[in-house]
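Right, one structure below, let's go through it.
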There are 2 protein chains.
Amino acid sequence: MVKGGRSQEEIRRHNLGTLLRHLHRSGALSRSELAHRMGLNRSTIMALTAELSAAGLVREEQPRDTGRAGRPSLVVRPDPRLYVLAFDVRVDRLVAARVALGGRILDRREAVRRRAGADLEYVVEVLSAFGHELRRTAPPDALCVGVGASYCGMISRADGMVRYGPNLGWVDQAFGAELGLRLGLPVLVGNEAHLGAVAEHERGAGVGYRNLVYLHGDVGVGGGIIVDGRLLDGERGYGCELGHMMVNPYQGRPCACGSRGCLEAEVGEQALIDLAGRSGELSGREGWHTVVRAADEGDAAARDAFHRIGDWLGIGVANLINLFNPGMVIFGGMLREVYPRAEAQVRARIRANVLPVSREQVRLRVAGLGDDATLVGAAELAFSRLLEDPLEVLAEMRAYERRTAARRAAGHPPVPGGAHRRHPRGCLNR
Amino acid sequence: MVKGGRSQEEIRRHNLGTLLRHLHRSGALSRSELAHRMGLNRSTIMALTAELSAAGLVREEQPRDTGRAGRPSLVVRPDPRLYVLAFDVRVDRLVAARVALGGRILDRREAVRRRAGADLEYVVEVLSAFGHELRRTAPPDALCVGVGASYCGMISRADGMVRYGPNLGWVDQAFGAELGLRLGLPVLVGNEAHLGAVAEHERGAGVGYRNLVYLHGDVGVGGGIIVDGRLLDGERGYGCELGHMMVNPYQGRPCACGSRGCLEAEVGEQALIDLAGRSGELSGREGWHTVVRAADEGDAAARDAFHRIGDWLGIGVANLINLFNPGMVIFGGMLREVYPRAEAQVRARIRANVLPVSREQVRLRVAGLGDDATLVGAAELAFSRLLEDPLEVLAEMRAYERRTAARRAAGHPPVPGGAHRRHPRGCLNR
């Protein structure tokens with residue numbers, strides 16, 4: 001497909017969005033810095049800034065005393081009243097946060113997830129209650145400009161449906177639409193590892209890299225891959241499933257997907273426990289942590305278990321470097337604990353299996369945002385529509401706000417209930 | 001990194017390039033069809049067309065009699081005098097072609113490659129002789145607007161250097177720069193499988209797919225992967241090396257890269273010959289063809305050999321579908337002959353190893369452009385600069401043409417020789 005032409009209106013929208021994206025990423029910037037970064041002249045920047053300022057998206061302020069002579073240039077910063085709601089459905093808990101334009105986490109709620117019975121209804125109920133609470137406790141002049149959710153499963157890009165979420169046993173559950181109904185706001189949903197990759201690329205270890213591979217260990221192993229600055233999500237949003245790369249075709253361990261020898265089966269918690277010789281005795285997340293502690297206390301079997309799963313991890317990482325020629329590989333989630341204990345094995349596989357020119361400059365790191373990578377990614381997803389078309393999306397979100405306020409004033413609950421609830425406009429993922 | 005802003009000048013350049021790209025892809029189009037495809041109004045299209053026409057890039061013509069009443073809309077077509085030179089350095093031969101804007105191959109030359117001694121000097125000599133001949137025999141008003149070369153190895157995006165070309169034993173050879181010096185024109189160089197993927201995406205089996213994986217079998221197995229409409233080339237151009245995905249970590253066959261169990265080792269010509277029970281007796285490309293014929297004549301061992309390499313190919317393809325969620329997987333080069341003889345095994349692996357939602361819609365095909373995929377890709381690479389900035393690149397190429405004509409008129413060879421040759425401007429790959 002050939003790209004379309006560009007009209008004046010598209011350019012204006014693009015430039016407004018790009019300016020706001022710079023501020024969201026970098027915080028306060030002077031007009032001259034913005035002109036430099038965007039490659040536009042100062043009068044264009046001034047016009048764009050005026051438009052965003054009039055809409056209530058940015059503020060222009062006197063900078064703090066610079067200690068230099070001469071009149072300082074005004075600085076532009078994101079309006080601090082604008083925020084998104086970010087949700088994170090993890091294996092072991094449910095997290096919600098209010099995140100300001102600019103990226104600061106303002107407030108958060110967490111609940112330990114029930115292992116059993118975490119069906120759609122339960123998850124949506126907990127998250128929407130958090131969401132309403134976070135909105136209610138926000139300052140009165142604050143405005144929600146988007147909602148994003150991270151989910152540990154495969155998500156249909158078109159409608160935010162969870163197509164396959166093995167950890168909660170979900171298949172084809174309309175998570176985005178249901179959460180959107182409860183909140184009365186459009187909700188975008190992304191795969192947790194995809195969003196972790198986006199977060200690390202925007203605000204974590206991978207800032208400045210145009211090509212990076214993020215591996216996220218949870219119960220399974222997911223991936224998020226940034227290709228030339230953008231998330232690889234494939235034809236319908238299901239890309240980056242690096243955990244199901246078959247690395248062990250002969251004696252492979254059974255995988256939750258029904259196959260054997262997948263990377264996630266070979267490096268997962270049960271593999272670690274078994275290889276440490278603790279099968280039967282230990283299991284699950286707590287068993288895994290016990291092996292981690294044992295390895296750190298010098299237990300030879302536990303250390304050896306890390307080295308052996310590190311070899312499989314290394315094969316997977318080597319394949320990924322050959323495929324993606326990334327500038328950086330990032331280990332997130334539980335792999336933040338695996339990689340440092342198996343670094344030698346991973347690096348040995350890279351030396352043996354990666355073509356020399358592809359391994360010349362690749363760096364290996366653990367996630368810079370730690371445990372919050374997926375939550376931060378959900379917030380970035382929530383901001384994505386605003387940053388593409390700031391004025392239009394702001395107007396749309398103000399309309400939702402007015403509707404909610406009118407219902408509250410009339411003594412109704414904030415969103416309509418009943419059998420014939422309509423999905424809010426924009427619950428689609430794109 | 002955040003994208004920059006867009007100025008009026010950039011928009012004009014983008015729109016001119018996009019219009020020319022539509023014509024290059026689709027041939028003659030009416031102004032109204034262009035307006036529809038580009039999402040611009042007809043007066044903008046008319047202005048853009050006038051500008052391209054004045055520069056000599058397109059022509060506006062009366063359409064053939066449509067059989068309908070009313071005055072027909074003018075059609076716009078690429079100017080047929082504009083062409084590129086495309087070169088293809090293959091394992092078994094050297095190919096050169098003159099390819100018109102619009103994609104038609106106008107003329108071609110081929111030479112069987114010397115297996116031994118195919119060093120940089122020899123390859124550049126043969127190709128540049130072809131290039132001069134193709135230019136000399138072009139009509140007097142024809143203009144070369146770019147040069148592209150496909151090479152069976154890893155190419156540095158920054159300078160067209162062959163970093164690693166195991167089939168010819170090249171390491172760090174300045175192929176693009178040397179060929180450019182001989183031709184007196186800037187030369188862009190790409191990896192053969194990358195360019196095959198681009199060609200199949202633009203003009204072959206993959207037209208209309210935004211995400212596709214192309215596997216190219218030659219002596220090794222290379223890959224070209226299109227992600228959201230663009231070639232994945234990674235941080236420095238070395239991406240898509242799917243042939244070095246380790247699929248067989250235990251009893252893997254030795255690979256040319258020094259590792260074992262790589263996909264290309266398990267599905268390559270020697271694997272096929274060995275599995276057919278013909279080791280020692282047969283070897284190389286001819287041996288491979290002998291096994292193909294034997295399989296087609298019903299030889300059980302030969303058929304079984306295809307089934308067994310098909311299983312490895314299937315593991316590789318399944319991994320790639322999990323990673324890329326492509327709409328299509330295309331088998332090119334020698335894999336055009338493997339896939340139809342091993343389709344059942346490949347499909348069985350996909351069923352077993354690919355997550356259900358990712359295999360819902362993926363199609364498997366052989367290359368639509370057949371043996372010419374890489375040559376067509378080299379031509380597309382050659383056109384790429386013109387289609388990004390038509391007026392600027394056209395002016396630049398006219399300047400080269402004038403320089404060559406002046407040297408010919410003065411009785412000099414078409415390009416200067418000697419120890420202090422300067423690289424032509426733009427020999428850089430980007």
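Observations
- Taking all C-alpha pairs of the protein assembly as shown, those more than 45 Å from each other amount to 33 percent.
- Of all DSSP beta bridges in the protein assembly as shown, antiparallel share, percent nearest 5: 60
- Relative contact order, whole percent, for the range B:207-368 stands at 23, derived from Cα pairs under 8 Å and 6 or more residues apart.
- Inter-centroid distance (Cα atoms) of the range B:176-235 relative to the range B:322-376, Å: 17
- Sequence-distant contacts, meaning Cα pairs under 8 Å at least 6 residues apart, place the relative contact order of chain A at 18 percent.
- In the range A:212-313, the GluC sites (Glu not before Pro) that fall in loop regions by DSSP, at most 14 other Cβ within 10 Å: A:Glu281, A:Glu297
- Looking at the range B:27-67, the trypsin sites (Lys or Arg not before Pro) that sit in a DSSP loop and have at most 14 other Cβ atoms within 10 Å of their own Cβ are B:Arg64.
Here, each number is a calculation from the coordinates, and none is a lab measurement. Source: prediction; values computed, not measured. Note that each Cβ is placed from the backbone with ideal geometry, even for glycine, and that neighbours are counted across all protein chains shown.
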